[in-house]
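I have placed the structure first, in the form of C-alpha cells, so that the comments after it can refer back to it.
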Amino acid sequence: MFYQIMALLLWSSSFIAAKYVYTMMEPPLMLLCRLLIAALLVLPMALRFGRGLAWRQWRRLMWLSFWNFVVVLSLQFWGLKYTSAASASTIIGLDPLLMVFIGHFFFRDRARWYHWLCGLLAFIGVALLIAGGGEGGEISLLGCALVLAGGVVFCAVLRPMQRMVGEIGSPAFTSLSMVLAPLLYLPVGLLSVGRAEVAWNVPGVLGLLYLGVCCSWLAYALWNRGMKTVSANVSGILSALEPIFGALLAVLILGERISALSWLGIVLVVGATAAAVLLPRLLARRRLDGAG
C-alpha cells in the first residue's frame, strides 16, 4: 500500500503545484509543458511497446489519450484557475460516485440504494463547500463546475481505458498514451503561446517540473507497482484519501482559508464517497456471514 499512498499524495499535490505555475504562465501552456516533460521521460519505453501495435489499436489509443489527457486535464486545470486547490481536490473526490452513476445510465451497471443516498449527501456537501467559500471568493461555482466536468469525462472513458489496458498491458498503455498526449494537445497549447507572456520565476519552474516528473510519470509508476500486490478493492478504498490529502496540503502549503461551512461540505463529500466504496463490501461480508 505504501506505493499507492505515495502516488495519491503526488496526485493530490498537483493542484498545489499548479497554483505556483499559474504565477508564471496560463493553464494551456502549463499543460503543454507538463505533458511534454512526461512524454520525454516515457519515450524509450513507448518506442519499445509501440512496435507491436496494430493500426486499429493506435486509433483507439489516440482517442482515449485525447479524452483522458487533453479534455480531462484541460477542464480540471482551467477550473483550478477559478477556484481554490482545496475545493478542486474535494470535487475530484466525487469520481467514485460519478463512476457508479455513469455506469447506471450508460453501461447497464445498476446503482444500489446506498449509491443514490451517498450521491445526494455528496452533492449537498459540494453545495456547502461552494456556499462557504463564496464570501472570500476563493471557491467559485464556475471553477468547481469545470473540475466536475473533467471528472465526468474521466469516468465516462475509464471503462474503455480498462479494456485497452487489459488488451495491451498497463505499462504499454501508460507510456504510449503519455507520448501521444502532447502531440494531441499541441494545437491548443500553440494557440496560447503568442497570447500570453511567461513571467519566469523559480517557484513556477519548480512547480512545472514537479507536475511533469512527479505528478505525471512517477505517480503512475508508483500506482502501477502497488497494483501488483494490492487488490482492486483496497485501491478503491485508498483513492478516497486523495481529496483529504489535497485539502490538507492546500491549507498547509498555500495557506488557503476554509470556512467552517466549507469544511463541513468537504467532510460530507469525503464521508459519502468513502461510504459508497465501503458499503458494498460490508454488505457482501454480512450476507456471507449470514449464509454461513
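The values are calculated or read from the model by the stated rules, or taken from the named source; none is laboratory data. Note that the structure is a prediction, hence the values are computed from the model and not measured. Backbone-built Cβ (ideal geometry, glycine too); neighbour counts: all protein chains shown. For the accessible areas, the whole protein counts, side chains as well, though only heavy atoms, and no ligand, DNA or RNA atoms are used. Shrake-Rupley method; radii C 1.70, N 1.55, O 1.52, S 1.80 Å.
Some notes on this structure:
- Restricting the trypsin sites (Lys or Arg not before Pro) of the range 32-97 to loop positions (DSSP other than H, G, I, E, B) with no more than 11 neighbouring Cβ atoms within 10 Å leaves ARG51.
- Debye, to nearest 20: dipole size of the chain, +1 on Lys, Arg Cβ, -1 on Asp, Glu Cβ: 1100
- Mean-square fluctuations from a GNM of the chain, with a 10 angstrom spring cutoff on Cα atoms, peak among ALA250, ALA54, ALA156 at ALA54.
- Dipole axis of the chain (+1 Lys, Arg; -1 Asp, Glu on Cβ), positive-most option in LEU278, VAL70, LEU249: LEU278
- In the range 101-130, trypsin sites (Lys or Arg not before Pro) in a DSSP loop with at most 13 other beta-carbon atoms within 10 Å: ARG108, ARG110
- Packing-based order for 275-281, 25-31, using average beta carbon neighbours within 10 Å, highest first: 25-31, 275-281
- Average accessible surface area per residue within the chain, 1.4 Å rolling probe, Å²: 49
- Our summary gives the chain a relative contact order of 43 percent, counting only alpha carbon pairs under 8 angstrom and 6 or more residues apart.
- Point-charge dipole on Cβ atoms (K/R +1, D/E -1) for the range 1-117, about Cα centre, debye to 20: 460
- Prolate/oblate/rounded label for the range 249-291 (Cα gyration tensor, a/c 1.5): prolate
- Carbon and sulfur %, accessible surface of the chain computed with the full protein complex present, 1.4 Å: 70
- Debye intensity ratio in log₁₀ form over the Cα atoms of the range 135-224, taken at each q of 0.11, 0.24 Å⁻¹: -0.50, -1.31
- Spatial separation of Cα centroids for the range 85-119 and the range 198-214, in angstrom: 33
- Projecting the Cα atoms of LEU176, VAL153, GLY166 onto the charge dipole of the range 109-181, computed from C-beta unit charges around the Cα centre, puts GLY166 farthest toward the positive end.
- For the chain: rounded, prolate or oblate by the Cα gyration tensor [a/c cutoff 1.5]: oblate
- Only helices enter this figure: runs of n ≥ 4 DSSP H residues, each worth -39500 (n - 2.57), summed and divided by the residues of the chain, yield -25500 deg cm²/dmol at 222 nm to the nearest 500.
- Cα gyration tensor shape for the range 1-52, rounded if a/c is under 1.5, else prolate or oblate: oblate
- Share of pairwise Cα separations in the range 1-153, more than 24 Å, in percent: 46
- Unit Cα scatterers, Debye sum, the range 93-168: log10 I(q)/I(0) for q = 0.14, 0.15, 0.20, 0.27 Å⁻¹: -0.55, -0.62, -0.92, -1.23
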